[in-house]
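*Asks:* I have a structure here, written as structure tokens, and I will follow up with some questions on it.
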Amino acid sequence: MVTIGAVLADAMAAAFFLLGGYDRVDKTIYLTTIIVFTVGGPLCAFLVSWNYRLKQLTSELDTAFRKDGMTGLFTRHEFYLRVGHFIKSSNPALSAGAVLYVDIDHFKQFNDRYGHAVGDDIVLDIGILIRDMMGRRDVGARFGGEEFAVFLADADYGQAAWVANRILAGCRAVKRSVGDREVSVTVSIGVAFHVPGQTLEQLVDSADQYLFQAKNQGRDRIVYGPSA
């Protein structure tokens, strides 16, 4: 665009020179003004438009990096950033809260049997359900296809159990009509409580271990770690 503008300006200057010359100051000023407005106006508009589009793209990429496009929950990366910062800024002598690791039971088989469109609808409903359960300082994320994590800030056993049971019961109520039958899903939940001095990675790993126990014990249940 800049190159085109320069060529156009040169062409206009040459045309004016051949037609009228630069023998007077007023002609030179007039010529310069015409070139600036003729070439500079569109060029400026193009650059402003391009800059606005770049800002839009930057904003869209930032949102895509931080938010899961399907559920509106945070991504795994953003979860670690936000919760990690919260834990580091909390009182090191106290528990920072609890992590709930939620996984949809037999989700691969569910997708294979009923199709990914139905599976996506189920994921969306559960994501909305989890969002509705969180408080202002809590952080919810979609970790993978059917995995979710919820950090409950400063939560004790009673608060974590209340939220976990509401999620468990709410997911049982998520249903979809497929053909002539109604299908539903269940989830397994592992709950780990932050221990003073524990890193977020260790906390999430503990919640994942309790989730694994919930799966092994028959699914559709909650397994809690020791309360801090």
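*Asks:* Let me confirm something: among G119, G140, which residue is of a type outside the set (A, V, I, L, M, F, W, C) and within 25 Å of S206 (Cβ to Cβ)?
*Replies:* Unique residue meeting the criteria: G140.
*Asks:* Identify, please: which residue in the range 96-118 is modelled with pLDDT under 95 and of a type in the set (G, A, S) and is, among those, surrounded by the most Cβ atoms within 10 Å (Cβ to Cβ)?
*Replies:* G115
*Asks:* So is I189 under 23 Å from the mean Cα position of the chain (by Cα), closer than 14 Å to A98 by Cα and surrounded by 15 or more Cβ atoms within 10 Å (Cβ to Cβ) or not?
*Replies:* yes
*Asks:* Next question. For the range 197-228, give me each residue that is modelled with pLDDT under 95 and among the hydrophobic types (A, V, I, L, M, F, W, C).
*Replies:* A228
*Asks:* Would you be able to say whether some residue in the range 94-104 is within 24 Å of Y224 (Cα to Cα) and assigned to a helix (DSSP H, G or I)?
*Replies:* So far as the range 94-104 goes, no, none of its residues is within 24 Å of Y224 (Cα to Cα) and assigned to a helix (DSSP H, G or I).
The values are calculated or read from the model by the stated rules, or taken from the named source; none is laboratory data. Computed from a prediction, not measured in an experiment: that's the story for all the values here. For neighbour counting, all protein chains shown are included, and Cβ atoms are generated from backbone atoms with ideal geometry for every residue, glycine included.
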